[in-house]
Amino acid sequence: MSAIIKKIEALRDQLNQHNYRYYVLDDPEISDSAYDKLLRELQTLEAEHPELVTPDSPTQRVGATPLDSFNSVKHEMPMLSLANAFSDEEFTDFNKRIVDMLHKEGTLEDENIKYAAEPKLDGLAISLLYENGILVRGATRGDGTTGEDVTLNIRTIDAIPLKLLGNNFPQRLEVRGEVIMTKDGFNALNEKQRSNNEKLFANPRNAAAGSLRQLDPKITATRPLSFFCYGIGIISEEIKLPATHSKVMLLLKSWGLRINPESKVVTGVDGANQYYEQLQKKRESLQYEIDGIVYKVDNLNYQEQLGFVARAPRWAIARKFPAHEEMTKVLSIDIQVGRTGALTPVARLEPVFVGGVTVSNATLHNQDEIERLDIRVGDTVVIRRAGDVIPQIVNVVLSKRTGKPRKFKMPTHCPVCGSVAMRNENEAVTYCSGGLFCEAQNKQAIIHFASRKAMNIDGLGDKLIELLVDQGLIKRSPDLYALTHEQLASLERMGDKSASNLLKALEDSKTTTLDRFIYSLGIHDVGETTAKTLADHFHSLQKLEQATVDELLAIHDIGPVVADNIVTFFSQQHNREVIDDLLKTGIHWPEDTVVSDVEQTLAGKTFVITGTLSDMSRDDAKRELQARGAKVTGSVSRKTDYVIAGENPGSKVTKAEDLGVEILSESQFKAIL
Ligand code: IVH
């Protein structure tokens, strides 16, 4: 047993060390997968010995059951706020007040005060309580006096150690810092929220706050949260603190807490201003949002002498950066049709300079988002753009709304091609239903049409299709079949040979199957499996075209959304015209063999087809066999009854001979049919 305990402890130490190297030192020693492997090893051992699991084990970050509500936590030392400086003058005034006060106290050694300068993180303040090195409580700032106990959620944040490193930490230690969400994490989270039809977050700070206030820690665990500490609260007295804030931070770092690597000690107003210039230049490239710089008098004795005014320390100030938010007017709301047919409303804005660039458009995503914001043409809105965060409309300034502008409604028809616009139940996005007709989608539609599982046109890749459309040689899929050798050979990087090959591939593609053809039409939500289901059910394109919603619903696997999409698709004249044009090029598939009409003469027999048949394709042969109840497989085994051998049959015939399986020639096969 003691060997197991040792092993478990060793694994925990290793994992904690790696976590420290990754988050605190920013210098990982092993890959993520090697880390995961160690973690799994520990999980396995703990599962075998549940009595050895401790709450500070790296495996115990998530797992608690949801809460009904958060308990409140009274801060033993209030969590204060900071005075702001919005200009160089305001900072100079702040510095002067400090110099004057310390002068009066008679303790000033040097007029050039040293400041610990740190990014002001745009997240939310958190207090972490460690007892005997173990994280026992995490609490929000709340009103500064009373916050909420969010321990279970805090534990899910990998950058926060569950256990301090080393052994020289105080018995009781309160660490304070900021929980943040990275810009990438925020963009990805909002993307996910959008596709799940859930509420979007206005900015990374809101997203971090919303994530920490989840009653179910399992949800918090999925959110990309991180943490930097910036100070201490209560601390038990057995340890003597260093003389400066910056050294206290290094001490915290040695215990495994993550401090901001941009932090620096600067001297006097000049040093502070230089730091401001540097960090402002760096602001956009940082992975997280900052809204300014916090300058703290580094000397802790000075801090004590300076004390507090109201709810803020006299020894610190937040020097703010220009805002990432600006107001502007919505000039119009246009609809853009994407390559996939999604109709996206876009707000055209009075150009406004925000977050370092001029913004004149902002996507409104979909009808739900427009309703959520209640945005109308003519409204004044708040635009936000921070770093890599996509410009977005945060809210409407209702007090500036004049008159009674009408609510915006998504159009009922595609603005590009006039096809019916559809919005499926449970989906936020409105789609144009004219896939193969709509110019906005034609490239995408043709790419889909030519793809392997659709018409399988060999050598007709995405790039070539884009080129053909851009050069005006094709507009819709039927135009592919009118391309000439001359046209193709004259294209960039297309020689004589590849032109001939492509023409042959186009010709070959004309012999297809009904399910491939249905799939190639690009009906929204009709994938290859649904296409096959439809082909197997109707056996004829005409019957599918005429099917009603009820008839479609009667088919297993077809739901109301898909049924509706199919009926809408075929009800539009222009879609039928494109289909007619395709059929006129000679596209065809084996005639509709309705299974029930054909006698099941081959039921229970297994066939393998090999080599080239002269009178029909192998796919056609397969269908004929299947229509008569036979099973057609790809390889020869003892279970095979017959191998049909066309020209150049290859190894399958040899194998059939070895196994004594009967081999049929093409004419014998036709005789059976
Ligand atoms: S020190 C008494 N340092 O700003 C001083 N605060 O406006 C306590 N903040 O609630 C704060 N980055 O959430 C400090 N490097 C930093 C900070 C920081 C962000 C936040 C903190 C606080 C608010 C005060």
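The values are calculated or read from the model by the stated rules, or taken from the named source; none is laboratory data. Nothing here was measured: the structure is a model prediction, and the numbers come from that model. Methodologically, a virtual Cβ is constructed for each residue, glycine included, from the backbone with ideal geometry; neighbour enumeration extends over all protein chains shown.
Scan the stretch 101-126 and report the pairs whose first residue is within 19 Å of residue 277 (Cα to Cα) and whose second residue is part of a helix (DSSP H, G or I) and aromatic (Phe, Trp, Tyr), with Cβ atoms within less than 6 Å and a gap of 6+ or a chain change.
These pairs meet every condition: 117/275.
Residues are listed down the side, and each one gets a yes or a no for (1) among the hydrophobic types (A, V, I, L, M, F, W, C); (2) part of a loop (DSSP other than H, G, I, E, B); (3) at pLDDT 90 or above:
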site	(1), (2), (3)
506	yes, no, yes
517	yes, no, yes
526	yes, yes, yes
543	no, no, yes
557	no, yes, no
563	yes, no, yes
576	no, no, yes
580	no, no, yes
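Please tell me if residue 476 is in contact (Cβ under 8 Å) with a residue 40 or more places away in the chain, under 21 Å from residue 588 (Cα atoms) and among the basic types (Lys, Arg). Before the answer, list the steps.
Details: in contact (Cβ under 8 Å) with a residue 40 or more places away in the chain: yes; under 21 Å from residue 588 (Cα atoms): yes; among the basic types (Lys, Arg): yes.
Against the criterion (in contact (Cβ under 8 Å) with a residue 40 or more places away in the chain, under 21 Å from residue 588 (Cα atoms) and among the basic types (Lys, Arg)), residue 476 qualifies.
Within the group 655, 639, 631, which residue is within 49 Å of the chain's Cα centre (by Cα) and surrounded by 15 or more Cβ atoms within 10 Å (Cβ to Cβ)?
Sole residue among the options that is within 49 Å of the chain's Cα centre (by Cα) and surrounded by 15 or more Cβ atoms within 10 Å (Cβ to Cβ): 631.
Could you tell me which numbered condition residue 459 fails, if it satisfies all but one of (1) touching a His at 6+ places or on another chain (Cβ under 6 Å); (2) over 27 Å from residue 343 (Cβ atoms); (3) among the small types (Gly, Ala, Ser)?
Checking residue 459 against (1) touching a His at 6+ places or on another chain (Cβ under 6 Å); (2) over 27 Å from residue 343 (Cβ atoms); (3) among the small types (Gly, Ala, Ser), the one that fails is (1).
How many residues does the stretch 169-182 hold that are part of a strand (DSSP E or B) and within 21 Å of residue 237 (Cβ to Cβ)?
Looking only at that region, the number is 5.
Name the pairs: first residue in the stretch 440-454 and among the polar types (S, T, N, Q), second residue part of a loop (DSSP other than H, G, I, E, B) and buried (at least 21 other Cβ atoms within 10 Å of the Cβ), Cβ to Cβ under 7 Å, at least 6 apart or on different chains?
441/341; 441/435
Determine whether residue 116 is within 14 Å of the ligand (Cβ to nearest atom) and at pLDDT 95 or above.
yes
Of all residues in the stretch 130-154, count the ones that are part of a strand (DSSP E or B), touching a residue at least 60 places away in the same chain (Cβ under 8 Å) and away from the ligand (no atom under 16 Å from the Cβ).
Residues in the stretch 130-154 being part of a strand (DSSP E or B), touching a residue at least 60 places away in the same chain (Cβ under 8 Å) and away from the ligand (no atom under 16 Å from the Cβ): 4 in total.
On the basis of being within 40 Å of the chain's Cα centre (by Cα) and farther than 17 Å from residue 446 by Cβ, does residue 492 make the cut?
yes
Can you name the residue in the stretch 308-338 that is surrounded by 14 or more Cβ atoms within 10 Å (Cβ to Cβ) and of a type in the set (Val, Ile, Thr) and, of all such residues, is farthest from the ligand (Cβ to nearest atom)?
Once the filter is applied, the top-ranked residue is 337.
Of all residues in the stretch 610-655 being in a loop (DSSP other than H, G, I, E, B) and at pLDDT below 85, which is nearest to residue 511 (Cα to Cα)?
617
Any residue that is within 15 Å of the ligand (Cβ to nearest atom), farther than 14 Å from residue 115 by Cα, modelled with pLDDT under 95 and not in a strand (DSSP E or B) - is there at least one of those in the stretch 271-279?
No - not one qualifying residue is present in the stretch 271-279.
Listed here are the residues, each with its yes/no results for (1) surrounded by 14 or more Cβ atoms within 10 Å (Cβ to Cβ); (2) touching an Asp or Glu at 6+ places or on another chain (Cβ under 6 Å); (3) not β-branched (Val, Ile, Thr).
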| residue | (1), (2), (3) |
| --- | --- |
| 12 | yes, no, yes |
| 60 | yes, no, yes |
| 65 | no, no, no |
| 69 | no, no, yes |
| 77 | no, no, yes |
| 80 | yes, no, yes |
| 104 | no, no, yes |
| 107 | no, no, no |
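Based on what the data block shows, is residue 547 over 21 Å from residue 453 (Cβ atoms) and free of Cβ contacts under 8 Å to residues at least 24 places away in the same chain?
Working: over 21 Å from residue 453 (Cβ atoms): yes; free of Cβ contacts under 8 Å to residues at least 24 places away in the same chain: yes.
Answer is yes for this residue.
Tell me the strands (runs of 3 or more DSSP E) entirely within the stretch 65-121 that contain at least 3 residues that are within 22 Å of residue 260 (Cβ to Cβ).
83-85, 114-121
Can you tell me which of (1) over 27 Å from residue 283 (Cα atoms); (2) surrounded by fewer than 17 Cβ atoms within 10 Å (Cβ to Cβ) is the one residue 376 doesn't meet?
(2)
Within the group 198, 191, which residue is away from the ligand (no atom under 16 Å from the Cβ), assigned to a loop (DSSP other than H, G, I, E, B), out of contact with any Ser or Thr (no Cβ under 9 Å at 6 or more places or on another chain) and of a type in the set (Asp, Glu)?
198
Applying the selection to the stretch 311-365, what residues are touching a helix residue (DSSP H, G or I) at 6+ places or on another chain (Cβ under 7 Å) and under 21 Å from residue 377 (Cβ atoms)?
337, 345, 364, 365
Tell me which residues, restricted to the stretch 61-92, are within 35 Å of the chain's Cα centre (by Cα), small (Gly, Ala, Ser) and either more than 16 Å from the ligand (Cβ to nearest atom) or modelled with pLDDT of 95 or more (or both).
Passing the criteria: 63, 64, 69, 72.
Looking at the stretch 529-545, is at least one residue crowded, with 16+ Cβ neighbours inside 10 Å and basic (Lys, Arg)?
yes
Only one of 480, 488, 467 is farther than 28 Å from residue 343 by Cα and outside any loop (DSSP other than H, G, I, E, B). Can you tell me which?
Details: 480 fails: farther than 28 Å from residue 343 by Cα; 467 fails: farther than 28 Å from residue 343 by Cα.
After applying the criteria, what remains is 488.
For the stretch 413-435, check the following and say yes or no: at least one residue is more than 19 Å from residue 574 (Cα to Cα) and hydroxyl-bearing (Ser, Thr, Tyr).
yes
What are the pairs, 6+ residues apart or on separate chains, where a residue within the stretch 363-385 that is under 20 Å from residue 326 (Cβ atoms) and in contact (Cβ under 8 Å) with a residue 24 or more places away in the chain has its Cβ under 7 Å from a residue that is polar (S, T, N, Q) and part of a helix (DSSP H, G or I)?
If the second residue must be polar (S, T, N, Q) and part of a helix (DSSP H, G or I), no pairs are left.
Quick grid of which residues meet (1) in a strand (DSSP E or B); (2) more than 13 Å from the ligand (Cβ to nearest atom); (3) crowded, with 16+ Cβ neighbours inside 10 Å:
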residue	(1), (2), (3)
219	no, yes, no
232	yes, no, yes
240	no, yes, no
294	yes, no, yes
303	no, no, yes
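Which residue out of 185, 166 is in a loop (DSSP other than H, G, I, E, B) and either more than 16 Å from the ligand (Cβ to nearest atom) or over 21 Å from residue 61 (Cβ atoms) (or both)?
Exactly one of 185, 166 is in a loop (DSSP other than H, G, I, E, B) and either more than 16 Å from the ligand (Cβ to nearest atom) or over 21 Å from residue 61 (Cβ atoms) (or both), namely 166.
Looking for whichever is surrounded by 12 or more Cβ atoms within 10 Å (Cβ to Cβ) and outside any helix (DSSP H, G or I) here; the options are 56, 26. Which one fits?
When all the criteria are applied, what remains is 56.
For residue 254, indicate whether it is within 12 Å of the ligand (Cβ to nearest atom), under 21 Å from residue 231 (Cα atoms) and at pLDDT 95 or above. If you could, list the steps in order and put the result at the bottom.
Numbers: within 12 Å of the ligand (Cβ to nearest atom): no; under 21 Å from residue 231 (Cα atoms): yes; at pLDDT 95 or above: yes.
So residue 254 fails the test.
State whether the residues of the stretch 391-402 include one that is small (Gly, Ala, Ser) and surrounded by 20 or more Cβ atoms within 10 Å (Cβ to Cβ).
Within the stretch 391-402 (the criterion being small (Gly, Ala, Ser) and surrounded by 20 or more Cβ atoms within 10 Å (Cβ to Cβ)), the answer is no, since none of the residues qualifies.
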